[in-house]
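Read the structure below first, then the notes.
The values are calculated or read from the model by the stated rules, or taken from the named source; none is laboratory data. Since we're looking at a predicted model, the values are computed, not measured. Note: ideal-geometry Cβ built from the backbone for every residue, glycine included; neighbour counts use all protein chains shown. Only protein heavy atoms, including side chains, enter the accessible area calculation; ligands, DNA and RNA are left aside. Shrake-Rupley method; radii C 1.70, N 1.55, O 1.52, S 1.80 Å.
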Amino acid sequence: MVLQVLLACFLWLLSFQGVAGCLQCDPHFLKWVASVLKETLPGDLPNRDSLITRHIQALADLHGTFLRRNYERILDVRGAFEIKLHIINQLKTIKRKQWKGVFLWQFSMYQLRFALRKKIQQILEKFADLGTNPEDKSVIEGPILDCWTCLRITTQCFDGEVCGVEDKRLAEYNEIVLYVFLVCESVITTSIILVYMVCFKYRKRMLLKSLAY
């Protein structure tokens, strides 16, 4: 029972780390999108891999290309999760459709990006409204994300102010610290699980020996 709880906590931690990032800052999610596109496109399609790469890059560049206002760079974890959930649902819908050729599929992907752009704008504007309303600050969940630098922001960014780190060296330092922290967190959690499994097996083996006598 304890082992199951530890495993569940470990998986939750990994999933949260995957969610806690803007679309273009989450390579694991983009790899998942690529795997879905590979399942959708026929294996004998000419230039299949380059076509998938091009559409993945178009998704990743969506934020940086069209959303360049100061308030559009800042998002919370809940908003990032909502964006990815929207993409998942749209890709599943496209995958369920009968294959009618690469041109219609590319048009479906264009429609997905067009709708996603509007969706992202709505989520960003909603978050900006929460930030400027003092009564609603408590409903913001998780850390604040800077989608231009792919860093988490430790200070509050209300009233239209951008709290991202402008110093590149300081931003790189913060990114390294965050990466080291996440690695250590994962290693410690994994070590706890392994130690528990070893102790559990040892106790089970000793119990079987005692019952044998």
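In table form, for the structure just shown:
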quantity	calculated
Long-range amide H partners of ILE144 with built H, under 5 Å	ILE153
Surface accessible to a 1.4 Å probe, CYS150 within the full protein complex, Å²	60
Nearest-10 value in Å² for the accessible area of THR65, using the 1.4 Å probe	80
Shape category assigned to region 92-131 from the gyration tensor of Cα positions, a/c cut at 1.5	prolate
Ranked by how many other beta carbons lie within 10 Å on average, peptides 109-122, 78-91 from highest	78-91, 109-122
Nearest-0.05 FRET efficiency for ALA34 and VAL180, computed from C-beta distance (R0 30 Å)	0.60
